[in-house]
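The values are calculated or read from the model by the stated rules, or taken from the named source; none is laboratory data. This one's a predicted model, so the numbers in the text were calculated from it and none came from an experiment. Reconstructed Cβ throughout: ideal geometry from the backbone, glycine too, with neighbour counts over all protein chains shown.
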Amino acid sequence: MFTELGHFTLILAFVVAIFQTLVPLIGAHKRWPGWMAAGETAAIAQFLLVGFSFAALMYAFITSDFSLRLVVENSHSAKPMLYKVSGVWGNHEGSMLLWILILALFGAAAALFGTNLPPTLRARVLAVQGSIGVAFLAFSLFTSNPFLRLAVPPFDGNDLNPLLQDPGLAFHPPFLYLGYVGLSMSFSFAVAALIEGRVDAAWGRWVRPWTLAAWIFLTIGIALGSWWAYYELGWGGFWFWDPVENASFMPWLIAGALLHSAIVVEKRESLKAWTVLLAIIAFGFSLIGAFITRSGVLTSVHAFATDPERGVFLLGILALFMGGALLLFAARAEAMTSKGVFSLVSRESALVVNNLLLGVAAFVVFTGTIWPLVAEMFFDRKLSVGAPFFDMAFTPFMVAIGVALPIGSMLAWKRAKLGRVLRRLMPAAVLAIAVAALVWAMQSGRSALGPVGMMLGTWLVVGAATDLWSRTGTGGFARLRRLPRADWGRVVAHGGLGVCIAGVSAMLAWQQEDIRVVQLGDTVDLAGYQITLNAVERVEGPNYVSTMGDVTLAKGGRAIATMHPEKRFYPVAGMPTTEAAINNGPLRDLYVVIGDEQAGGGWAMRSYYKPLASWIWGGALLMALGGGLSLSDRRYRVAAGAAKGAHREVPAE
């Protein structure tokens, strides 16, 4: 009964979403206050209805209701409770319901916290957000209904994909969806502003917190996915340029460009058309990501579905919203004239360079991701675009961004003196070059990747610290404590990027590996460490059988840790998984994977030494923390300080 109510409330949410789309839009056009206010009530009601529907589906998974087809296909009575819960979104239908829930959540948040927005703009934002809800609720109800029943329920289910039975994957999709779907608010603000025919400094102030929140969640989601790939897949890598990885990375890059571009709109009322276009494209890439993961057009270990019918529906949603928004953008281009004038050397120009580099980097990733599909459709050729292409085509743009960031963040608005900024950054540059020279002298090989990466990381971290200190003036540490949180946030985020770049370059340049068959009692020497396989035993898990190794990690003859790599087999799903044993440290990871028993005796074992591995995810978390600090600054909360002059009425269309 509870599950049936969940299905009913999902249908009712669809009806409410249609109401939310039409009524406030008409009210804003006619200047009818009651109709405009109805959008707020509808947005909150839609969230409550979808929330109830999602809770009903979760209840079915927790109680192992095998009369529901989705529960049968993605759960099992012996599965641990955490994975019963995460199984709700570990499949296509449930993950789409989570997508819709988050979409409704952002709409409700705009209704509750957007009280300082002009009534017409708020009504139009909620209407556009409601229209996106209509599209995805229709997609869920008509092609991906999570509440379909079975006439004859089985005794037990088929279990969840074993790769998804992991804490990292339990939390990765919700954060990723908060980022993906959060960009719908930037899109709604952009389309609402185009309908009103006005993009001004207040609009730039309003759109930034929503974009920043989405970017923070997307950063955390991507970091969790990378971390999961590192320790779960057993390959020892953190990024594989998989199509689904790229699908989340592209909107992250565009959202970063949008954040910086919105600053120029807010401060100088320039780059209006470009900023609105970025808001449209950012959400467009989120829709492309949904299409890639759910249509089956590209192969990925992360893909949810391979149904062409669903792919066509999603392609229709993409065409409708992107095509409609771009047509509206073209029609309103004349209304987005820039007012601010700035010189070639200025903060505005630096932000333009930042946008161009991020935009081109996103285009490179998009081209490499989509090109195999284009080649197969139009040239009847099966191609695979892998890491060599992305590494060569993408890396130069990230290096250029890293070099430009400290300089651009210290330039003055409108007109700046480049020489003064470079003199302030001279200590950072000297230290970065010294670090590169030291690394070059110490490394055994002659690859430039390590020295260049460490130099760039040092430049970003020390440059960010220099930027922060330069804002204290003569106030010193006393002034440092009083700086706005947005300044702290920018510095922490830029420094986090430097830490991440240093970690990536160190791991790729200096990692060592050893792959061999090891007998019990054998010792492997790796990067000054001794890795000894003591025993291998069979261990029964709650819903799996594990082959677990007992490995001693030592250095200089002194034992440091005992590690337990596993190879698990899930009988219900009939799938094996690899559970790497990792000894983490601030400067290195020791990574051990055990394989199958060999015919001639012994066990296959892979061992890796990975320098600065934890810096990759630590840097990502620092970037997210920096975004959070900026978001907590009252100047960047929704409409804070921007209400003045924002309530100016505009003529009816």
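If PHE342 satisfies all but one of (1) touching a Gly at 6+ places or on another chain (Cβ under 8 Å); (2) in a loop (DSSP other than H, G, I, E, B); (3) not charged (D, E, K, R), what's the number of the condition it fails?
Exception for PHE342: condition (1).
Anything in the range 371-402 that is more than 30 Å from GLY457 (Cα to Cα), part of a helix (DSSP H, G or I), touching a residue at least 12 places away in the same chain (Cβ under 8 Å) and aliphatic (A, V, I, L, M)? List them, or say none.
The answer is LEU373, and nothing else.
In the list ARG479, ARG485, which residue meets the criterion of being out of contact with any Leu (no Cβ under 8 Å at 6 or more places or on another chain) and under 19 Å from ASP633 (Cα atoms)?
Only one candidate passes the filter, namely ARG479.
Please verify whether the range 19-40 includes one or more residues that are at pLDDT below 95, in the same structural domain as VAL71 (by TED's automatic domain parsing) and of a type in the set (Val, Ile, Thr).
There is no residue in the range 19-40 that is at pLDDT below 95, in the same structural domain as VAL71 (by TED's automatic domain parsing) and of a type in the set (Val, Ile, Thr).
Taking VAL199 as the residue in question, decide whether it is β-branched (Val, Ile, Thr), surrounded by fewer than 19 Cβ atoms within 10 Å (Cβ to Cβ) and farther than 22 Å from VAL85 by Cα.
no
Do the conditions hold for TRP215, that is, is it buried (at least 24 other Cβ atoms within 10 Å of the Cβ) and either among the polar types (S, T, N, Q) or assigned to a helix (DSSP H, G or I) (or both)?
Answer is yes for this residue.
Kindly list the number of the only condition in (1) within 27 Å of the chain's Cα centre (by Cα); (2) aliphatic (A, V, I, L, M); (3) closer than 25 Å to LEU163 by Cα; (4) surrounded by 19 or more Cβ atoms within 10 Å (Cβ to Cβ) that fails for ALA43.
Going through the list (1) within 27 Å of the chain's Cα centre (by Cα); (2) aliphatic (A, V, I, L, M); (3) closer than 25 Å to LEU163 by Cα; (4) surrounded by 19 or more Cβ atoms within 10 Å (Cβ to Cβ), ALA43 breaks only (3).
From the set of residues in the range 525-565 that are under 17 Å from GLY234 (Cβ atoms) and more than 37 Å from the chain's Cα centre (by Cα), which is surrounded by the fewest Cβ atoms within 10 Å (Cβ to Cβ)?
In this case the residue turns out to be VAL536.
Which members of the range 61-83 meet the condition of being part of a helix (DSSP H, G or I) and buried (at least 22 other Cβ atoms within 10 Å of the Cβ)?
Residues satisfying the conditions are PHE61, LEU70, VAL71, ASN74, TYR83.
Residues checked against (1) within 30 Å of PRO542 (Cα to Cα); (2) β-branched (Val, Ile, Thr):
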| position | (1), (2) |
| --- | --- |
| ARG69 | yes, no |
| VAL72 | yes, yes |
| HIS76 | yes, no |
| TYR83 | yes, no |
| VAL88 | yes, yes |
| ASN91 | yes, no |
| GLY107 | no, no |
| ALA110 | no, no |
| PHE113 | no, no |
